1. With r defined as the distance between the Cβ atoms of residue 18 and residue 142 and R0 fixed at 35 Å, what FRET efficiency is calculated, to the nearest 0.05?
2. Lys pairs in region 75-171, Cα-Cα under 13 Å, at least 8 apart or on separate chains: how many?
3. Using θ = phi - 60° and the Karplus relation 6.51 cos²θ - 1.76 cosθ + 1.60, list the HN-Hα couplings for region 113-122 in order, rounded to whole Hz, with x at every Gly or Pro.
4. Just subtract the alpha-carbon distance of residue 87 and residue 56 from 0.36 nm times their residue separation and send over the number in nm, one decimal.
5. So, for region 101-150, what is the accessible surface per residue at a probe of 1.4 Å, expressed in square angstrom?
Amino acid sequence: MKQTVNIIAFFFVLSIPFALSSQTRKAIPAGRYEALSGIKNSRSPKAADTTTVDRRDATALFWNEVLNHVPENTSDLSYFSTGKMDEFSTSLLTTKGLKTSKKLGAKTNIVFSDDLNRDREILKNLKNKNGLVVLKDPHQLKDVMASLGQFEVLLYQAEDQSNYFLLKLKQ
């Protein structure tokens, strides 16, 4: 009998900290966490309307950065696309004054590719050494770096389905 009382008392003593700890911690609301910690949690809402707007903003920001890397003294800006560009990118480049090139020439400033392995031979014959290459690839930067031996990465933008790279030939 004494042994049974001791076992019950032992389990009772062990259960007290677990009973007390489960009621002392409460979840901190998201806004309160930011206020207490000073860390800003920036998450975009998952609504369908905002993702297309965010994607267009990110694309516009990327292409504006690409155009900032084009040398200022160049005239008659043109781009050549070996892959399929989305309509928003095409219209944005047209409004910025770039013309579409039918073939890769010495005056082509920007080359767009959506498959580096497919276009490796075309890019080897790049005549404009100041020209820029925009690569759209679903792989991460570390996965693509092995294929980018002759190029210098100037800009990298990660997105959900594809990543954008701004490349320039190493001098």
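The values are calculated or read from the model by the stated rules, or taken from the named source; none is laboratory data. For clarity, every value in this text was computed on a predicted model and none was experimentally measured. FYI the Cβ positions are ideal-geometry reconstructions off the backbone, even for glycines, and counts take in every protein chain you see. Surface areas here come from the heavy atoms of the whole protein model, side chains and all, with no ligands, DNA or RNA. Shrake-Rupley method; radii C 1.70, N 1.55, O 1.52, S 1.80 Å.
1. Numbers: r = 44 Å, r/R0 = 1.27.
Calculated transfer efficiency: 0.20.
2. Final tally of qualifying lysine pairs is 10.
3. Here the 3J(HN,Hα) series is 9, 10, 8, 5, 5, 5, 9, 4, 5, 5 Hz.
4. Once the chain is fully extended between residue 87 and residue 56, it gains 10.1 nm.
5. 58 Å²
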